[in-house]
């Protein structure tokens, strides 16, 4: 796929590329996330398809110049449909020695390496733990690449000499210089970023002007110096017509919840305790006070879910957001929501575990915890988002099922889709699936007291809320008598209630779409079965393998509990089933147990998403094995 | 006032009795508390359907099932968090939280302090029997040091909390103490708690006849009660003793017991001011073990009251202010965000 060919040597040769992967890498304080986001937004705004992968350390400010402090932002943009941030980079921007050390191994042969020379002095080389006297820019180790050594720091200081700013403040604009240079290189307009800077720094004109000047001098540096031999032209993508926006997974999750509550005609209440990488959902929702959204930053994870349970009990859509460690803490309260049969959405943005694990890295290792991680028989539906924009639809569905089926639902996202972004052809509010939220106001038992656990034909109990005259009743964590909801220790009743609760969750399968082949054809030689954020990598690998003549199909699960009714039948049509997961094979265990098929696991637990190339190799290897 | 015609007949205590059989042990102090709550409820200007009882886990927390109101029997220690979500969602509800000493101060200690500082308008009745009842007799964080219980055959080496000091330290806006064996006092305190707008914390000494019998008998038995209890009342001097012949005086910030006689008149005594937090803290600190000689009496009544906006009122006001300033954003606007582009 690499369309870069820089051997021409011709000055300002304009080359066309289908897609380009750029990695911005620097110190945590270098503003790489902002630079990457601006580059991405500009690309998206210009109509290219994109996929991003921000990667940052768990420490807020690790020591400057060290490998621990490297923060990276990767974007894959192009004129074709893009499903992943890319395996290898076409362009690497390394602001210091540590950044180069961390990321150089993923720069394609013949790729472009842009370095800030100021980050390769003796001090920086030492901080990056290069051996004394070794400079990677001079020892031949970067000979495979086209290297541009630019003293960004000096150029920025020259450009801002008359700005009146101090040294440190001037240096802060060096990311804008690099961004300007990249804009020139990829022939992108600076307008979007100039607008952004003007708005962000409107109260500090000095800083605003400095950033705009640095940005423009980066552009001019590319345009004037003739150092660069090649510029690139990437066409707009042939995406389906419509109105698009840029969105991250966490943002999509937040607005999905707002839409679901409004469509159901009830309040949205979020009880949450800050945790990486889920906190942005709390941040986003807390902005919507004007829409009556109630966010409650609780004292801990348990209070967060319990307050959400209280809110649902009082008539709201109760939601709690967390990551793996928080999900563990919420386990007991989830059981309470199961036995009281009230709607609740539990958002788990997965990260590397166990324990504190890899807080800023991605993993899919909470699947079994989501499905089984509670005491007692406590089943609940579990849905997983496949892409950043898909978080919207998936969390909306989670809320719909929670409300309409009176059950807690777990929505699984992960660090990769939560922080990643993509263009989104967003829906009209009118076209969103209606959510039916009915509160009972009259007794369902003409002969006597209200029966809070008398079910309808879907196995769902009626929803009431305190404040409704005549329906006063008690619910709680003790086992209930069927229909009346009164406390019951009767053994036969307990078994009956256990089955009733399980059946209710199982019957959710009648209200979700059947499983289908996403890419490829039914009964292919091999099915790649995925769930959650592996979607883009599996789809890309499948498309490429089909183009190369292999008989491969991709099936992707959205609901992981219950499974779609036809899943077993669909999977049995393939000769082989391979399940790539960023865990030790959790879905694979479920599939093998449920359908008794010899599905194979392809496991990766490096805190990183699958690369397309490694998936392709594994698929081909599996196809060729006996 | 008297011109208002009530259409519905006034409720009676019986209207609040649920159809569930009460299953506490014979002689349990919980019966009295249930009965006093049911007795005072008809006097409150609250629609029956708006009462909500939220409880945690423990003997006390079964209370919920016995009130014919809305009720949610939650999980151990978490009633405060559940109640916070209920009250934040619907401030119209009259939320009562029922909990025990283990539920509130041990497993629920974190939620307890945070509820106090947030000041939701919730009535918090903590039944204190200084023991774990439902798990059959282990000591609690309010048990006296040295207690021999199921899990401490050689006596507990744990220092107990003083729950009122804890509540005051956590910025509670209403702190009171009552006793299971004093129905009238309970009723008075429940009414005061209900009048208060904010989290009203009421500790109730409650006898557990099975696992910690008579632990509060010095305060409840006729022959010792008047010597051991100090019933406090706002604006009144602190008098106690068999013949109302003793009083508390403040020597600077030090409470001193005096005999009311020719040297110390009733006018020299400490006058209770429930709005004075410093003095309320001194009063809460009268927490002496009765075996000490001499020792201070144990105060009962309303220790402290403060007017502070409730969490739900501040939240509602903030929503109104932001809505007035920014208006409600339409779903379509939320979906599109600030920046969009068109692919033709």
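Values quoted throughout were computed directly from the atomic coordinates according to the rules given, and no laboratory measurement underlies them. The structure presented is a predicted model; accordingly, all values stated were derived computationally and were not measured. Every residue, glycine among them, receives a Cβ derived from its backbone with ideal geometry; neighbour counts consider all protein chains shown.
The table below lists the values:
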{"read-out": "Calculated over chain B: convex hull of Cα atoms, volume per residue (Å³)", "value": "227 Å³"}
{"read-out": "Centre separation in Å (Cα based) which lies between the range A:22-76 and the range B:280-328", "value": "48 Å"}
{"read-out": "Pairwise Cα inverse-distance average, inverted: Kirkwood Rh of the range A:13-234 (Å)", "value": "17.5 Å"}
{"read-out": "Neighbour-count ranking [beta-carbon atoms within 10 angstrom, fewest first] of B:30, B:314, A:143, A:506", "value": "A:143, B:314, A:506, B:30"}
{"read-out": "Angle between chain B longest axis and helix B:183-195 axis [Cα atoms, degrees, rounded to 10]", "value": "30 degrees"}
{"read-out": "Inter-part distance where the range B:32-51 and the range A:500-550 are each reduced to a Cα centre, Å", "value": "57 Å"}
{"read-out": "Theoretical FRET efficiency, 1/(1+(r/R0)^6), r = Cβ-Cβ of residue B:292 and residue B:35, R0 41 Å, to 0.05", "value": "0.75"}
{"read-out": "Principal semi-axes in Å for the range B:1-139 [√(5λ), Cα gyration tensor, largest first]", "value": "27, 19, 11"}
{"read-out": "Diffusion coefficient, µm² s⁻¹, Stokes-Einstein with Kirkwood Rh over alpha-carbon pairs of the range A:381-510 at 4 °C and 1.567 mPa s", "value": "75 µm²/s"}
{"read-out": "Per principal axis, descending, Cα span of the range B:240-289 in whole Å", "value": "31, 25, 17"}
{"read-out": "Longest to shortest principal axis, alpha-carbon extents of the range A:338-380, angstrom", "value": "34, 19, 14"}
{"read-out": "Ellipticity estimate at 222 nm from DSSP helix runs (n ≥ 4, -39,500 (n - 2.57)) divided over chain B, nearest 500", "value": "-8000 deg cm²/dmol"}
{"read-out": "P(r) histogram, all alpha-carbon pairs of the range A:517-624 included - 5 Å bins from 0, percent", "value": "2, 13, 26, 28, 19, 9, 2"}
{"read-out": "Shielding score for B:61-71, defined as the mean number of other chain Cβ atoms within 10 Å", "value": "4"}
{"read-out": "Fewest-first sequence of A:198, A:240, A:323 by Cβ atoms within 10 Å of each Cβ", "value": "A:240, A:198, A:323"}
{"read-out": "Peptide-level mean, for A:473-484, of C-beta atoms on other protein chains within 10 Å", "value": "4"}
{"read-out": "Overall form of the range A:246-431 per C-alpha gyration tensor (a/c, 1.5; a/b vs b/c)", "value": "rounded"}
{"read-out": "Relative contact order for the range A:517-624, counting Cα pairs under 8 Å that sit 6 or more residues apart, in percent", "value": "31 percent"}
{"read-out": "Fraction of alpha-carbon pairs over 14 Å apart in the range A:67-140 - percent", "value": "62 percent"}
{"read-out": "Calculated FRET value between residue B:21 and residue B:154, using beta carbons and R₀ = 45 Å, to 0.05", "value": "0.70"}
{"read-out": "Inter-label distance for residue B:233 and residue A:162, nm, one decimal - labels placed 7 Å from Cα along Cα-to-Cβ", "value": "8.5 nm"}
{"read-out": "For A:287-299, mean number of other protein chain Cβ atoms within 10 Å", "value": "6"}
{"read-out": "Cα-derived Rg over Rh, computed across the range A:350-442 with Rh taken as Kirkwood radius", "value": "1.04"}
{"read-out": "Principal-axis tilt of helix B:109-118 within chain B, Cα atoms, nearest 10 degrees", "value": "70 degrees"}
{"read-out": "Centroid-to-centroid separation of the range A:254-302 and the range B:55-107 [C-alpha atoms, Å]", "value": "23 Å"}
{"read-out": "Computed [θ] at 222 nm, deg cm²/dmol, chain A (DSSP H ≥ 4; -39,500 (n - 2.57); rounded to nearest 500)", "value": "-10500 deg cm²/dmol"}
{"read-out": "Proxy reagent accessibility, fewest Cβ within 10 Å first, across B:272, A:129, A:405", "value": "A:129, A:405, B:272"}
{"read-out": "On Cα atoms only, tilt of A:301-313 relative to the major axis of chain A in degrees", "value": "50 degrees"}
{"read-out": "Average projected area [Cα convex hull, the range A:169-297], square nanometres", "value": "12.0 nm²"}
{"read-out": "Kirkwood Rh and Cα Rg combined as Rg/Rh, the protein assembly as shown", "value": "1.05"}
